[in-house]
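Here's the structure, in structure tokens; my notes come after.
Values in this text are rule-based calculations from the coordinates and carry no lab data. As the structure is a prediction and not an experimental result, all values here were calculated from the model.
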Amino acid sequence: MSRPNLYRSRAKNSPKLDNVRVGKDIKVDKEGDVEPGSGGISTFAQSSHTWKYPWLLPENAELGDGLGAKNDHGGHWLIIPAAEISLDGYKHLLSELNGRCEKVNRAREVFGELREVDVLPEPANSDKSVRMVYSALQAVHNGNIPIKDWDENDYTYIAILAKALDSGKLSLKDAVTSGPKSTKEQRFIAEAATEFMSAERKISSADEDEMADMDNDHALLKAVLKLDDTESTLYVWV
């Protein structure tokens, strides 16, 4: 499958494609192998003017044997294992891919699509549950709510997921899981929603009525995303 130029924000001297966060980017089974379909490393079809150190993986650069590129939502592309592989093997292939990336020369790059997610607007979807999840993701992105181990790629990704939810391109059903397996989008939505609720509690007033309303809203958000389901693999976020 052909792919476009792919961009990523990372360190000054490396795109760090091999910075694989187990449980966030992908899942690993008991044997130490990457679970098929559980995620990959985030890249984007366009860069963003807000990124400090953008990197480019040219469209004509070979991914090499063992890696593939999968478009998941909007301009978001995952660099995924093309076959069954160990975590160490996956990281090794990604480290080799680092050498095929280039630093972005801002003067010659066009920044278009990702400007649209600089600030997420109010939701347009008519479904109450979708609006509730969107608003949580919107608050995380627009407010840059601190989340452990998140970087500029992750905040860009959560904005793309929010837009996909609001437009209906990502169904609420696909954004939620209650089983033992999970996708990257499900994990990021769950973590963002959980951190949103935590941040909201920290700044809440002591007014009993406001606290009661907030608790009700949080209970509904947990129910919609099944974050209160102890059988769900995403229960760990709560």
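For Lys103, list the aspartates and glutamates whose Cα falls under 15 Å from its own Cα; do not include residues on the same chain fewer than 8 positions away. Leaving aside aspartates and glutamates fewer than 8 places away in the same chain, those within reach of Lys103 are Glu59.
Over the chain, Cα pairs under 8 Å with separation of 6+ residues give a relative contact order of 19 percent. Straight-line cross-link partners of Lys226 among the aspartates and glutamates, defined as a Cα under 20 Å from its Cα and at least 8 positions apart when in the same chain: Asp127, Asp166, Asp174, Glu185, Glu191, Glu195, Glu200, Asp213, Asp215, Asp217. Taking each of Lys91/Lys169; Lys91/Lys184; Lys148/Lys169 in turn, the alpha-carbon distance tops 19 angstrom for Lys91/Lys169; Lys148/Lys169.
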